[in-house]
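As structure tokens, the structure follows; a few thoughts come after it.
The values are calculated or read from the model by the stated rules, or taken from the named source; none is laboratory data. Given the structure is predicted, the values throughout are model-derived calculations rather than measurements. We place every Cβ from the backbone using ideal geometry, glycine too, and count neighbours over all the protein chains shown. Please note that ligands, DNA and RNA were not included when accessible areas were found on the heavy atoms of the full protein model with its side chains. Shrake-Rupley method; radii C 1.70, N 1.55, O 1.52, S 1.80 Å.
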Amino acid sequence: MKFKKINALSIKELFISQIEEMILSGELEPGEKLPTEREIADEMNISKTIVHEGIRELSRIGFLDVISRKGVYVADYTSTGNLDTLFAIIRYRGGMPDKKMINSLLDVRLYLECPALEILAEKHTEKDFQQLEALLEQMKEAVSKDIETFATSLFLFRRTIVVLSGNCISPLVMNAFFTASISAWTNYCELIGREQIFENLTKTTQCLRDGDADTAEELFRSHIERFREHILM
């Protein structure tokens with residue numbers, strides 16, 4: 001039996017984590033100017049090099065603005081951030097997205113999946129439906145298993161629809177969000193019910209075969225909006 005080596009966080013990682021926490025907690029507010037790198041290094045008892053590299057990374061993530069000859073400012077990360085910013089926010093919240101974030105993720109799903117349904121309804125092959133039907137069989141088996149297994153099978157089905165639409169970016173976005181939002185997916189499955197979700201996807205597959213994008217989209221939206229109402233109560 002082999003055990004993996006446990007690696008402690010580096011000083012740079014600890015520095016980045018502390019600044020992220022100060023920004024996300026509101027201790028450092030957007031537009032606030034940071035002290036100089038030397039002043040930060042002296043106060044935190046770390047090297048100026050670590051501060052410099054940490055600030056560069058925090059700028060890349062979207063938490064800081066580095067303005068030449070003026071200094072370093074706390075950024076409005078909702079405007080300047082990226083997926084790394086999102087993951088940092090989720091880590092700060094203990095891995096659990098809040099209601100506002102889940103609501104936004106539902107919007108993202110609509111933006112990604114509704115166009116995919118339209119494309120697949122208009123243009124598809126028999127091989128496409130062989131893939132979807134194989135995933136439906138997996139979902140049927142997962143109905144009697146634990147909720148996370150079923151939620152994962154649901155995710156694979158929805159992602160495959162996006163993949164089959166031909167968009168090569170949207171599936172990567174879905175993958176990036178899945179781990180962070182697994183609790184939302186399981187809550188969704190518990191609210192809607194496994195049998196109803198399976199029935200909905202069976203109907204969706206037939207609608208896509210028939211070229212009926214409107215009904216397929218309405219089936220999808222109805223469950224999304226029902227879940228949205230639930231989380232916002």
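Average the reciprocal distances over every distinct pair of alpha-carbons in region 105-175, invert the result, and give the Kirkwood radius in Å. Result for region 105-175, one decimal place: 12.7 Å.
If one computes P(r) from the Cα atoms of region 82-139, what percent of pairs lie at distances over 19 Å? Percent of Cα pairs beyond 19 Å in region 82-139: 54. Taking only the alpha-carbon positions of region 60-105 and ignoring solvent, what does the Debye formula give for the base-10 log of I(q)/I(0) at q = 0.13, 0.19, 0.30 Å⁻¹? Debye curve over Cα of region 60-105, log10 I(q)/I(0) at q = 0.13, 0.19, 0.30 Å⁻¹: -0.35, -0.64, -1.10. Ordering 147-154, 225-232, 206-213 by mean Cβ neighbour count within 10 Å, with the highest value first, yields 147-154, 206-213, 225-232. Each Cα pair under 8 Å and six or more residues apart adds its sequence gap; the mean of these over the residue count of region 101-233 is a relative contact order of 37 percent.
Computed over Cα pairs, the Kirkwood radius of the chain leads via Stokes-Einstein (0.890 mPa s, 25 °C) to a diffusion coefficient of 120 µm² per second.
Figure note: R109, R221, R56 ranked by solvent-accessible area, largest first, 1.4 Å probe, ligands and nucleic acids not counted: R56, R221, R109.
Relative to the current alpha-carbon distance between M22 and K48, full extension at 0.36 nm per residue lengthens the span by 7.4 nm.
If you take the alpha carbon atoms of region 148-221 and fit the smallest convex hull around them, that volume is 86 Å³ per residue.
Axis of helix 147-164 versus longest Cα principal axis of the chain: the two differ by about 80°, to the nearest ten degrees. Taken along its three principal axes, the alpha carbon spread of region 1-136 comes to 65, 49, 28 Å, from the longest extent down to the shortest.
The relative contact order of the chain comes to 18 percent, based on Cα pairs under 8 Å that sit 6 or more residues apart. Ligands, DNA and RNA excluded, the heavy atoms of C168 present near 100 Å² of accessible surface to a 1.4 Å solvent probe.
Helix 213-231 and the longest principal axis of the C-alpha atoms of the chain enclose an angle of approximately 50°.
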